[in-house]
1. Given the residues K68, K39, which is the only one that is among the basic types (K, R), assigned to a loop (DSSP other than H, G, I, E, B) and assigned by TED's automatic domain parsing to the domain that holds E165?
2. Name the pairs: first residue in segment 124-136 and part of a helix (DSSP H, G or I), second residue of a type in the set (K, R), Cβ to Cβ under 8 Å, at least 6 apart or on different chains?
3. Within segment 78-95, can you find the residues that are outside any loop (DSSP other than H, G, I, E, B), surrounded by 14 or more Cβ atoms within 10 Å (Cβ to Cβ) and either out of contact with any helix residue (DSSP H, G or I) (no Cβ under 8 Å at 6 or more places or on another chain) or not assigned by TED's automatic domain parsing to the domain that holds N141 (or both)?
4. So is D138 at pLDDT below 95 and either surrounded by fewer than 18 Cβ atoms within 10 Å (Cβ to Cβ) or under 23 Å from I37 (Cα atoms) (or both) or not?
5. Here are some residues: E127, E110, E161, E165. Which one is loosely packed, with under 12 Cβ neighbours inside 10 Å and of a type outside the set (F, W, Y)?
6. Considering only segment 53-62, I want to know if a residue exists there that is more than 22 Å from I169 (Cβ to Cβ), at pLDDT below 95, among the β-branched types (V, I, T) and part of a helix (DSSP H, G or I).
7. Kindly check whether there is at least one residue in segment 132-150 that is closer than 27 Å to N60 by Cβ and under 15 Å from the mean Cα position of the chain (by Cα).
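The values are calculated or read from the model by the stated rules, or taken from the named source; none is laboratory data. Source: prediction; values computed, not measured. Please note: Cβ atoms are built from the backbone with ideal geometry, for glycine as well, and neighbour counts cover all protein chains shown.
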Amino acid sequence: MLSRRHLRVKVLQAIYAYFQAGNQDLYQGEKQLMLSINKLYELFIWQLSFFIELTRFAENRIEDNKKKHFPTAEDLDPNMRFINNSLLQTLSNNKDFKRYESLYKINWGEDQEVVRKFYHQMRETPEYQKYMQAEKDDFANDKKLLIQLIERYFAEQDLLESFYEEKSIYFVDDYHLVSYLLIKFFKGLDEDFNEFTAMPHILKTANEEDNEDLDFVKKLFRNSIIKGEEYASMVAATTANWEQDRIAVMDMLILKMALAEIFTFRSIPIKVSMNEYIDISKFFSTPRSKIFVNGVLDRLIQTLKAEGKIIKTGRGLLES
């Protein structure tokens, strides 16, 4: 489910935490990296469960309205479209999803205020109202509503974000990233999804023995640290006018990771690696980091190419 960009970011966060904690145990650092990735998936399941809980809350509300002393016509004949949302109904019965809910001990019983507040806000949105009043009641509209709610309203949910922050320190940095996973998940669902469909994995895998994403994150993490001093020396030689302690910590980590990727993964084109780390520097370091990282990598790669130290497999990969 995670893109390579997001995997690089998770590795960067893990390496930063590793050095900030003064860690010397590579195995423990790697365990923390994998834990943070698994916690991201746990948050993904929590958010899916939150959607299902919204339908349960809506159904309970309808049942309460029917019990009024003087129920209205709408109370007696309510619009059940959201409650019967086909994606959420199927997901709530999916055996694999329920297994994860049980594994993570997800229970909204004591947290109904979070559900109630979002439900009432959701009902006032134009997207929800249009969905409830639409003539056509189909799978495409059910999917569209969920994606719109995530894209336009989840980012503003401070109460929900705070709720997750209290659940786990690992959820703090991943609240917005998990929205990307939710949108990707719902966009990828088709009408064949049923109670026996397996939930997607957080890491791309062909089989139990061949997990290319797992291999990528572990090698990138290990080599960025094990060969970090060697890469730092390369950077120092390229930035002769800069003392190493004047280079921003994140810039140095990003440069080390870029070099680790270029040397370790022969099938990834150089330009892909360069562009990825230049873009990452825009979000995780200083305002001028993009220019600095770009300049250093460009000079380093030209030197390494001239010295024949970069080996890429596949036609055209050295220059691409």
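1. Answer to the check: K68.
2. Listed pairs, sorted by first residue: E127/R152; Q129/R123; Y131/R81; Y131/K144; M132/R81.
3. If the condition is that a residue be outside any loop (DSSP other than H, G, I, E, B), surrounded by 14 or more Cβ atoms within 10 Å (Cβ to Cβ) and either out of contact with any helix residue (DSSP H, G or I) (no Cβ under 8 Å at 6 or more places or on another chain) or not assigned by TED's automatic domain parsing to the domain that holds N141 (or both), then T90 is the only one that fits.
4. It is true that D138 is at pLDDT below 95 and either surrounded by fewer than 18 Cβ atoms within 10 Å (Cβ to Cβ) or under 23 Å from I37 (Cα atoms) (or both).
5. After applying the criteria, what remains is E110.
6. So far as segment 53-62 goes, yes, one or more of its residues are more than 22 Å from I169 (Cβ to Cβ), at pLDDT below 95, among the β-branched types (V, I, T) and part of a helix (DSSP H, G or I).
7. Within segment 132-150 (the criterion being closer than 27 Å to N60 by Cβ and under 15 Å from the mean Cα position of the chain (by Cα)), the answer is yes, since at least one residue qualifies.
To keep it simple, each residue is scored yes or no on (1) within 23 Å of E212 (Cα to Cα); (2) basic (K, R); (3) at pLDDT 95 or above.
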{"position": "I247", "(1), (2), (3)": "no, no, no"}
{"position": "M252", "(1), (2), (3)": "no, no, no"}
{"position": "E276", "(1), (2), (3)": "yes, no, yes"}
{"position": "F284", "(1), (2), (3)": "no, no, no"}
{"position": "S289", "(1), (2), (3)": "no, no, no"}
{"position": "A306", "(1), (2), (3)": "no, no, no"}
{"position": "G314", "(1), (2), (3)": "yes, no, no"}
{"position": "S320", "(1), (2), (3)": "yes, no, no"}
